[in-house]
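Down below is the structure, laid out as structure tokens.
The values are calculated or read from the model by the stated rules, or taken from the named source; none is laboratory data. Quantities reported herein were computed from a predicted structural model and do not represent experimental measurements. Here Cβ is always computed from backbone atoms with ideal geometry, including for glycine, and neighbour counts include all displayed protein chains. Quick note on the areas: whole protein, heavy atoms, side chains included, nothing else; ligands and nucleic acids left out. Shrake-Rupley method; radii C 1.70, N 1.55, O 1.52, S 1.80 Å.
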Amino acid sequence: MSLTSGKMGGVSGAHILHADLDAFYASVEQLLDPSLRGIPMAVGAGVILAASYEARAFGVRSAMPTSQARRLCPQLRIVPGSFERYLDYSDRVMEIFERFTPDIEQISVDEAFLDVRGSEHLFGPAPEIAREIRRLVREEIGLPVSIGVATTKHLAKVASQVAKPDGLVHVEAGTEAEFLAPLPIEVLWGVGPKTAKKLHDAGVATVGDLASTPIESLVAWLGQGQAHHLWALSHNQDPRPVRRRARAKSVGSQQALGRGLTDLGELDRVVLSLAERIGRRLRAKNRKGRTIHVRVRFPGGRIVTRAHTLDTATAATDAIDRVARRLLRQAIDDPAEPITLVGISVSQLTDDTAQQLELWLDEGAVERTGSAAAEAAAAVDRQVDEIRRRFGKGAVTRAALLGREDRDAPEEFRRLAEKD
């Protein structure tokens, strides 16, 4: 679907894009498992995290208990999902966005605002950029993305919702009121069920109704703050700029361990899994870091942290793993006390550009970037990254992690909660 509000001729003045991956978690699972395509399916465990459009037709929605979802749709297939896979695909999509502009404000794992006014002389008008982004995401990654193009962030987000699923809506400058007027008031940011009921009770059902309502009446119904906020949005008044992401000062991940672990072998596997995740994210962003931090939580909430700074920055999985395992052992006072969470992060980040090589008098240590051992480990990382990029995360794994399921903490899914 590709819609345009207003005439196509001339410069539109609309330069803000809101890109939203459609049913992201479900779309990734359908991409990886063709048997899930075209059928009602959802991602979740106890609670629905995302539902395919086929499932949504039966009323299945995110945040719904799986028992309720099965009552609505008895043939529903539910898969547990993988936090790590979704991060990987999100990073790949964001990399495509970065080909067109550095002015990107990622607001969740599956959506972002882009300001392309500085890129139009290179890539053409904003709607053409949006079309090319949609083509690249579909062809290179295999995922559908809906995009709204407008003069403000709020209107671009509304346009992307109208475009769903898998569409493009362009609202030209000067046509905003015409576009917004027939839409239901629920499309406005800040209109939840309670506010919607108050407005409907007052006879305000569309954005056009709200825009023509005297502000004094809105204040009487909703209060000063919310009334002025919604009145401004109904008139497309949204001065917020697209805020470019600050470069991350660290890259990290953590794993909750339920009631806790004491077995060092199993804890080492947790550390290796986290090191793989962090190393892969660093390498995908062409970054490396010098300081490795380990955070360990014990029963009762007691937390111990340890850190070590290397002589040279690294993004090697083996280097992060070896240092983190040593730090983990330093954090343990009583081997019988269970550990309920392990977190690892890498800071003092730099760009992964040129590096000083060592004279190969011996193999050296994998933690010494530039040594023979580190170069060999880096070569393995590059090959593993490429295999996983082409064939999926499960195509290759380390022997120490065989049989270990992705035990991602529920809070990680909640942090990346998908927007319907």
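Points worth noting:
- Gly370 at pLDDT below 70 and touching a strand residue (DSSP E or B) at 6+ places or on another chain (Cβ under 8 Å): yes
- If you check Glu216, Glu176 for being open to solvent by less than 40 Å² (accessible area, probe 1.4 Å) and either over 30 Å from Ala57 (Cβ atoms) or without any contact (Cβ under 8 Å) to a residue 60 or more places away in the chain (or both), only one passes: Glu176.
- Within the range 8-109, strands (runs of 3 or more DSSP E) holding 3 or more residues that are buried (at least 19 other Cβ atoms within 10 Å of the Cβ): 16-21, 41-44, 48-51
- Across the range 298-356, the qualifying residues are those that are assigned to a strand (DSSP E or B), farther than 30 Å from Arg259 by Cβ and of a type in the set (D, E, K, R), and the one among them that is most open to solvent (accessible area, probe 1.4 Å) is Asp311.
- Residue pairs meeting the criteria (Cβ under 6 Å; at least 6 apart or on separate chains; first under 11 Å from Phe97 (Cβ atoms) and part of a helix (DSSP H, G or I), in the range 131-146; second open to solvent by less than 80 Å² (accessible area, probe 1.4 Å) and not polar (S, T, N, Q)): Leu136/Ile96; Val137/Val93; Val137/Ile96; Val137/Leu143; Val137/Val145
- Yes/no for Gly124 being at positive phi, without any contact (Cβ under 8 Å) to a residue 24 or more places away in the chain and of a type outside the set (A, V, I, L, M, F, W, C): yes
- Hits in the range 240-272 (condition: at pLDDT 90 or above, surrounded by fewer than 18 Cβ atoms within 10 Å (Cβ to Cβ) and within 25 Å of the chain's Cα centre (by Cα)): Arg240, Pro241
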